[in-house]
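One structure is given below, encoded as structure tokens.
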């Protein structure tokens with residue numbers, strides 16, 4: 001007969017995993033085959049990716065690469081060093097063009113999360129995390145409502161400016177005002 005495990009009481013001391021420890025475990029293959037990211041010192045299972053998510057991610061990544069050219073590097077579902085012992089893997093991170101051999105980027109001009117089932121998590125957890133990490137701009141691509149929620153101007157705690165772009169609109173990323181991302185082709 002097995003024992004029944006119960007949830008820890010809220011008062012139980014829990015030690016967060018440090019980013020350096022997480023990276024060592026990843027390097028050692030401890031999480032091979034698992035979709036995890038380190039958020040606020042905790043391992044968080046990432047949502048499965050559906051076909052609409054993949055389609056949107058591919059279309060936006062392609063468009064950003066074409067529009068930005070050599071100005072920046074567009075990374076898809078790769079780690080980004082963030083505040084508070086976090087190492088999220090955003091759907092898209094536009095980072096300074098460089099080789100990141102032996103390290104992950106520590107800054108991003110634009111981060112995009114594609115949300116279907118993860119919408120509330122992307123708003124409640126990821127938005128403050130990216131604001132604390134001084135990400136210049138954060139977009140949540142809300143696939144259900146066919147809009148992009150744009151978050152800008154971090155004060156180090158939250159984004160001060162938020163607005164919604166509709167499927168027929170185009171967006172100029174704050175850091176790259178000379179380009180226009182067409183949302184019509186994305187949804």
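Computed from the coordinates by the stated procedures, all read-outs in this text should not be read as laboratory data. None of the values given here were measured: they were computed from a predicted structure. Reconstructed Cβ throughout: ideal geometry from the backbone, glycine too, with neighbour counts over all protein chains shown.
Packing here is the average count of other Cβ atoms within 10 Å per residue, and on that basis the peptides 100-108, 139-147, highest first, run 139-147, 100-108.
Spin-label model, residue 182 to residue 7: label points 7 Å out along the Cα-to-beta-carbon direction sit 4.8 nm apart. Only Cα pairs under 8 Å and 6+ residues apart enter the sum, and on that basis the relative contact order of the range 49-182 stands at 18 percent. Whole Å is fine, so just give me how far the alpha carbon centre of the range 60-104 lies from that of the range 135-181. So the separation of the two Cα centres works out to 16 Å.
Of the beta bridges DSSP finds with both residues in the range 93-187, what % are antiparallel, to the nearest 5?
75
Counting 0.36 nm for each residue step from residue 15 to residue 54 and taking away their Cα separation leaves a gain of 10.6 nm. The computed Cα extents along the principal axes in Å for the structure shown corresponds, within (i) 72, 34, 32; (ii) 61, 36, 33; (iii) 43, 42, 32, to (ii).
Got the relative contact order for the range 1-81 handy, in percent, Cα pairs under 8 Å and 6 or more residues apart? Averaging sequence separation for qualifying contacts and normalising by length gives 17 percent for the range 1-81. Highest mean packing first, where packing is the average number of other Cβ atoms within 10 Å per residue, the peptides 12-23, 174-185 line up as 174-185, 12-23.
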